[in-house]
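Undergrad: One structure, pasted below without further comment.
The values are calculated or read from the model by the stated rules, or taken from the named source; none is laboratory data. Quantities reported herein were computed from a predicted structural model and do not represent experimental measurements. Here the Cβ positions follow ideal geometry from the backbone for every residue, glycine too, while neighbour counts run over all protein chains shown. Note: accessible area is taken over every heavy atom of the protein model, side chains too, but ligands, DNA and RNA are not part of it. Shrake-Rupley method; radii C 1.70, N 1.55, O 1.52, S 1.80 Å.
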Amino acid sequence: MQDQGLDGQDSAILIETPTERGHGDLTSSFALKAARAARMAPRQLADRLKEWWPAVPAVAEVEVAGPGFVNFTLNTRWLAEVVNQVRIAPARYGESQVGAGRRVLLEFVSSNPTGPLVVVSGRAAAVGDSLARIMQAAGFSVDREFYVNDAGNQIATLGHALRLRLWQRSGRDVLTDWPDGVYPGDYVKAVAARFAAEHPERAPQTLTEADDGWLGQYAAESLRAEHEQVLARFGVTFDRWFSERSLREERLPEQIVERLAARGFIEERDGAKWFRSTAFGDDKDRVMVKSDGTYTYFVPDAAYHAGKFDRGYDWVIDLLGPDHHGYVRRLRAVVEALGYPPDSLDVMIVQLIRLLRGGEIVRMSKRGGNFVALEDLMDEAGVDATRYFFVERAPETPMDFDLDLAQMKSADNPVYYIQYAGARIHSLLRQWRASEPAEAPLNLDVLNHPAERALLVTLARFPDVVARAAGERAPQLLPRYLTDLAGEYHAFYRQHRILEAEPAVRQARLALSEAVLAVLTRGLACLGISQPEQM
RNA sequence: GCGCCCGUAGCUCAGUGGAUAGAGCGCUUGACUACGAAUCAAGAGGCCACAGGUUCAAGUCCUGUCGGGCGCACCA
């Protein structure tokens, strides 16, 4: 490098997986990038590079192609070692230490406890949970947290709704004059039924507006517990359910305003206290204490986020709904104003889902009481398919969810394609074990057909895919990878006999199949999706 | 008006500044007396919304235009 005047170019050496077959197993465009600095034609530089390339046993061949690409072909025998690596610890293959134990707090879902979980919460749940699993595999230390908005006006309003439903149970007509803005959804009836069973001593007739506060807290806790249950069924659990009410009881909102004031970012104007978020690129300052002396909803949130850093997390990731994106700038401003590293806060906006049924858009509105609950979706499509669909696309792009398609238990449904490959291998191994197997010594060198080689390369890529998905917070890379792996196995399977092959080849192909099954199972587990033994 | 997301095959979408832009579905044609045909193989199908710019190289980066989705508060 130095000989060629290429000091400081080291970081430009990037080895990547080629986009096309026939370009080697690995490729680098280094010569093209560095040609200018080397004052040499790219091809010439690539040729020199090839000459200097040390004799790495893993590399069988180095080839210069096109305008100056350097393509590497890996030694097949070396490559086949991946099968042994997987088999040594099938459940742990793919793990890495790129996270270096960095403490990550992942907050997601955080739905208001004023109604059932809707589908967009399901998307956040699937994305957040998968990301947590992926990051853990990549060596991060991840905590999952659900922030419960169990305080504020909405809780009193929820209490109001509960009171009306209790009145209704005692025969009173509440429907003809249902107040605007009070949650009209039927789910409050179920809460009322539970309340009546638990508190027979509270006659509904005696309840008044003065009771809405504690009724609301009862209802909020009831609905939160329901969220917890539904999410558990969805395969998602949290390390902590962080209550906004407890945060208020500890007077953290007051403290955050004081801390910001001490740093000179609070200003009084028009009888209100404003946070000078414009100092950090926000387009306007934000009210924290209203002119009537109460806090805006932003204050507890600011306190909550500052608290995350106070609790010692190195990296704070929020998954927020699309209705919060105007909110990101000011949250970041708080973090920066308090002197925490602004890069340590990452906010992902999980974009909206449009549900299609029979080609028509299903309109959802919590206020109108007309929505599709996550639970209904799980009943219709199953947990595996629902999770797969939610994680298949980049979280930050809006998606259409075709209810008819997700319900289809057919080849149209991509999750079955992956699971089918695994089920095939299970079946194969069952038959092998049932056949009084005659073991042959394992010699992986015989795995040299193109279909086998393709599988070896793909298996070897798995740890990198997991690491990249974690670093880029891109869980959608896994479904794509698993589809590739399953596809390559299906192709291999149609092309080659396994049990009927000669003993040495049979043994190697069985080992390869076991490794593929292990990675499919592990990869699906990263997404919270099962690998059935039979379908 | 401002901000965010998105315009790529008939449809749904991949694409890390690099080679001839890919996959699934749908369509056409083939493959089981065969370890699971929920599979495989082959084919047709593209002004990468448009216009400029940066670069040896742009679907990818920058600017603008057009089209679609969502959001703007001393509400939560």
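Undergrad: Scan segment A:395-408 and report the pairs whose first residue is more than 13 Å from A:Leu377 (Cβ to Cβ) and whose second residue is among the aliphatic types (A, V, I, L, M), with Cβ atoms within less than 7 Å and a gap of 6+ or a chain change.
TA: A:Pro395/A:Val127; A:Pro395/A:Met348; A:Pro395/A:Val350; A:Glu396/A:Met348; A:Glu396/A:Ile349; A:Pro398/A:Leu352; A:Met399/A:Ile353; A:Asp400/A:Leu356
Undergrad: Just for segment A:470-484: of the residues that are open to solvent by less than 30 Å² (accessible area, probe 1.4 Å) and within 11 Å of RNA strand B (Cβ to nearest atom), which one is nearest to A:Thr27 (Cα to Cα)?
TA: A:Tyr481
Undergrad: Would you mind finding the one in A:Thr483, A:Thr458 that is under 21 Å from the mean Cα position of the chain (by Cα) and β-branched (Val, Ile, Thr)? Don't jump to the end; show me each part of the working.
TA: Working: A:Thr458 fails: under 21 Å from the mean Cα position of the chain (by Cα).
One residue alone meets the criteria, A:Thr483.
Undergrad: Among all residue pairs at least 6 apart or on different chains, which show Cβ distances below 8 Å where the first residue, located in segment A:15-31, is without any contact (Cβ under 8 Å) to a residue 40 or more places away in the chain and the second is more than 7 Å from RNA strand B (Cβ to nearest atom) and assigned to a loop (DSSP other than H, G, I, E, B)?
TA: Matching pairs, first to second residue: A:Ala31/A:Gly68.
Undergrad: Give the number of residues within segment A:438-461 that are within 13 Å of RNA strand B (Cβ to nearest atom) and surrounded by 14 or more Cβ atoms within 10 Å (Cβ to Cβ).
TA: Taking segment A:438-461 and keeping what is within 13 Å of RNA strand B (Cβ to nearest atom), we get A:449-452, A:454-455, A:457-458, A:461.
If we keep only those that are surrounded by 14 or more Cβ atoms within 10 Å (Cβ to Cβ) as well, we get A:449, A:451-452, A:454-455, A:457-458, A:461.
Selection size over segment A:438-461: 8.
Undergrad: In this structure, does A:Asp282 turn out to be closer than 23 Å to A:Glu254 by Cβ and at pLDDT below 90?
TA: Numbers: closer than 23 Å to A:Glu254 by Cβ: yes; at pLDDT below 90: yes.
Against the criterion (closer than 23 Å to A:Glu254 by Cβ and at pLDDT below 90), A:Asp282 qualifies.
Undergrad: How about segment A:275-315: which of its residues are near RNA strand B (Cβ under 9 Å from one of its atoms) and among the small types (Gly, Ala, Ser)?
TA: A:Ser291
Undergrad: Select from segment A:316-328 the residues that are more than 8 Å from RNA strand B (Cβ to nearest atom) and touching a residue at least 24 places away in the same chain (Cβ under 8 Å) and write down the one among them that is farthest from A:Ala470 (Cα to Cα).
TA: A:Gly321
Undergrad: So, restricting to strands (runs of 3 or more DSSP E) that lie completely within segment A:26-128, which ones have at least 1 residues that are open to solvent by 20 Å² or more (accessible area, probe 1.4 Å) and within 11 Å of RNA strand B (Cβ to nearest atom)? Let's see the steps before the verdict.
TA: Numbers: elements: A:26-28, A:59-65, A:69-74, A:103-107.
Hits in segment A:26-128: A:26-28, A:59-65, A:69-74.
Undergrad: Okay, next question. For a quick check of your reading of the model, give me the residue pairs whose first member lies in segment A:247-274 and is within 14 Å of RNA strand B (Cβ to nearest atom), whose second is part of a helix (DSSP H, G or I) and of a type in the set (Phe, Trp, Tyr), with beta-carbon atoms closer than 7 Å and at least 6 apart or on different chains.
TA: A:Leu247/A:Tyr304
Undergrad: Moving on. Within segment A:172-179, can one find any residue that is more than 23 Å from A:Asp143 (Cβ to Cβ), touching a residue at least 24 places away in the same chain (Cβ under 8 Å) and of a type outside the set (Lys, Arg)?
TA: No, segment A:172-179 has no match at all.
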